[in-house]
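Each reported figure results from applying straightforward, stated rules to the coordinates on display, with no laboratory input. Fair warning: this is a prediction, and the values are worked out from it, not measured in the lab. Counting neighbours? That spans all protein chains shown, and the Cβs are built from the backbone with ideal geometry, glycine included.
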Amino acid sequence: MTLTVVITGASSGIGEALAVYYAAQGATLGLVARRSEFLDDLNRRLGGRHACYALDVSDAPALHGAATDFIGRFGAPDIIIANAGVSAGTLTEFEEDLAIFRRVMDTNVFGMAATFAPFIPAMKGAGKGRTQRLVGIASVAGIRGLPGAEAYSASKAAAIAYLESLRLEMRPYGIKVVTIAPGYIETPMTAVNPYKMPFLLPVEQAAARFADAIERGSSYTVIPWQMGVVAKILRLLPNWLYDRLFTSAPRKPRGLIK
């Protein structure tokens, strides 16, 4: 039986690398991203047999239409990877950053729920005999709030909590919910960071590790593992020490959405 995988944010970065990985395994893909020309190019490189949906994940009706089309053609997917996300430096004191804040939250949090919503009824109806996964790409930036990344950190913290709630809801149906919190991965999103990024991982290696965690049905994992150690330490730091260490940490440029 051919594996079916839906990936949002598929036109570049982690999403593109995951699409390449799963296509090499013989999977049939649903590729979702805003830029149709990038999707078409990716589909051609992958053999031209996959379904492409050019839309914004904050557009729930468009996602519903894409899900209806995909399920009608291929049935309920085995894996849905809600990978689409944007990042930008934001500071609440600047009112012009509020629009960016909303866009980050709409894409990274609402967009994740809107991605899963139209597929879940069909996945529940497919039965427990299948290996079904709802996968959300969060970030280590959601573990503690980072300076200058108010919107991004808030969105990823919300994604982690949302996915945990969803995991409990899906458990009776045998649908695994996988939360992946990447550290620094070589993508266009991180390319604009004007600071050193520890444990930076090539995107192809990251995709293979993500796929392994998805196959295992891991409820929560940080990739690369070294950032997982850092994340555990950050959770334990008292606020006074965390504040002292991170108040002057480098920041992502304001207003640059990637």
field: Mean Cβ count within 10 Å, highest first, over the residues of peptides 224-233, 199-208
entry: 199-208, 224-233
- prompt: If the chain between PHE246 and HIS64 were fully stretched, how many nm would it gain, using 0.36 nm times the residue separation less the Cα-Cα distance?
  reply: 61.4 nm
message: Starting from the 7 Å offset along Cα-to-Cβ, what nm value, one decimal, do you get for the label separation of SER219 and ALA117?
response: 2.7 nm
- prompt: Say each of ARG235 and SER36 gets a label point 7 Å from the Cα, pointing the same way as Cα to Cβ; how far apart are those two points in nm?
  reply: 4.5 nm
- request: Would you please classify the overall shape of the stretch 7-79 from the alpha carbon gyration tensor, given that a ≥ b ≥ c denote the square roots of the eigenvalues, rounded means a/c under 1.5, and beyond that prolate means a/b larger than b/c while oblate covers the rest?
  value: oblate
message: So if I take the centroid of the Cα atoms in the stretch 8-38 and the same for the stretch 60-113, what is the distance between those two points in Å?
response: 15 Å
query: Using the Karplus equation 6.51 cos²θ - 1.76 cosθ + 1.60 (θ = phi - 60°), what ³J(HN,Hα) coupling, rounded to whole Hz, does each residue of the stretch 204-219 give in order, writing x for Gly and Pro?
result: 5, 5, 4, 4, 5, 6, 4, 4, 5, 5, 5, 4, 6, x, 4, 5
query: For the chain, what is the calculated [θ] at 222 nm in deg cm²/dmol (nearest 500), taking -39500 (n - 2.57) for each run of four or more DSSP H residues and dividing by its residue count?
result: -13500 deg cm²/dmol
field: Set of lysines near LYS124 by C-alpha distance (under 17 Å), chain-local residues within fewer than 8 positions excluded
entry: LYS176
message: Test of understanding: ordering TYR184, TYR22, TYR242 by Cβ neighbours within 10 Å, fewest first, what list do you get?
response: TYR242, TYR184, TYR22
- request: Report, by chain and number, residues whose modeled amide H sits under 5 Å from the one on CYS52, excluding near sequence neighbours (fewer than 5 apart, same chain).
  value: LEU31
task: Just grab the label-to-label distance for GLN205 and SER165, each label 7 Å out from Cα along the Cβ direction, in nm (one decimal).
output: 3.6 nm
